[in-house]
Amino acid sequence: MIKQQFFYNNQEIMRIYHDGFDDYPIHRTIYQEEKLSAGTIVFKESWIDTLDLEEISYHCHAEGFLPSQHDKNPYVALCCNYKEFITMDKQWVEKMIDEQPQLFDEIAQYIKKWSNFNLHKSPYTLGNILIFTPTKIEVKKILSKENKRNFQLHVLQNGYGELMCIAKFKFNNIIVDTKILPVQDQHLLESSREWNKGNYSATS
């Protein structure tokens, strides 16, 4: 399991665990430090075998499944299971956003650089602890040239066997058609309804 920590002026402001990356060099550690417009930010990365010895403080937690394009999913092409340990004290985050927007932007860019987590879309994740477990599924979606209402699904990586796809076709963000079907290596998804080009989502 990969452990990533971010510290601002020696205070941990975010921690992310990436589970399921068995090919990570277990003896590798990364330490990066950078001066910001106000203060210093530090990034640390290392390998841990288990969460059992990790100190995790929180008020509540959330968990679930994130599709590949979800705001909190750091993986470009993979869906993932996720768990978030949430702290409720966010006044310092709100103060930074309101009074030091440049500093918040610098912190967000730094976190994006080293973890690919987009803090701009989820600013109040600061102070929380996240665990991501990417699925062993990679799917490519290609719009059909013959019929603009259809698109092809190509399964590039599948560690689960048979997949069930839920495809939602939208017109101006309104769902006009839904298809639920099993998918093997490739499948044509067809819609009889008019929908906006590129305005669709498919979750495996």
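The values are calculated or read from the model by the stated rules, or taken from the named source; none is laboratory data. The shown structure was predicted, so the numbers you read here are calculated from the model rather than taken from an experiment. When we count neighbours, we look across all protein chains shown, and the Cβ atoms used for this are built from the backbone with ideal geometry, even at glycine. For the accessible areas, the whole protein counts, side chains as well, though only heavy atoms, and no ligand, DNA or RNA atoms are used. Shrake-Rupley method; radii C 1.70, N 1.55, O 1.52, S 1.80 Å.
Report the extension gain between GLN184 and ASP89 in nm, rounded to one decimal, defined as 0.36 nm multiplied by the number of residues separating them, less their alpha carbon distance. Gain on extension, GLN184 to ASP89, equals 29.6 nm. Taking only protein heavy atoms and a 1.4 Å probe, the accessible area of the chain is 48% carbon and sulfur.
The angle between the Cα long axis of helix 101-115 and the longest principal axis of the Cα atoms of the chain comes to about 70 degrees, rounded to the nearest 10. Projected label points at TYR24 and ILE142, each 7 Å from Cα along the beta carbon direction, are separated by 3.4 nanometres. For region 1-60, the solvent-accessible area works out to 63 Å² per residue, with a probe of 1.4 Å and every protein chain left in place. Counting each DSSP H run of 4 or more residues in the chain as -39500 (n - 2.57), what helix-only mean residue ellipticity at 222 nm follows after dividing by all residues, to the nearest 500 deg cm²/dmol? The helix contribution divided over the chain gives -3500 deg cm²/dmol.
Protection proxy ranking for 142-151, 23-32, using the average of other Cβ atoms within 10 Å per residue and placing the highest first: 142-151, 23-32. On the basis of the beta-carbon distance and an R0 of 30 Å, GLN102 and THR50 show a calculated FRET efficiency of 0.15. If you average the alpha carbon positions of region 89-154 and of region 18-41, how far apart do those two centres end up, in angstrom? A separation of 18 Å, based on Cα centres. Model label sites at SER57 and TYR124, defined 7 Å from Cα along the beta-carbon direction, differ in position by 2.1 nm. When each of the peptides 40-47, 189-196, 51-58 is scored by the mean number of other C-beta atoms lying within 10 Å of its residues, the order from highest to lowest reads 40-47, 189-196, 51-58. Once a ≥ b ≥ c are taken as the square roots of the eigenvalues of the Cα gyration tensor of region 64-127, is the result rounded (a/c under 1.5), prolate (a/b larger than b/c) or oblate (a/b not larger than b/c)? Oblate, because a/c is 1.5 or more while a/b does not exceed b/c. Checked against a 28 Å cut-off, the cross-linked pairs LYS83/LYS145; LYS44/LYS90; LYS35/LYS72; LYS83/LYS140 give Cα-Cα distances beyond that limit for LYS83/LYS145. The chymotrypsin sites (Phe, Trp or Tyr not before Pro) of region 1-30 that DSSP puts in a loop, and whose beta carbon has at most 12 other beta carbons within 10 Å, are PHE21. Rounded to the nearest 0.05, the FRET efficiency derived from the C-beta distance between GLN109 and ARG149 at R0 = 41 Å is 0.55.
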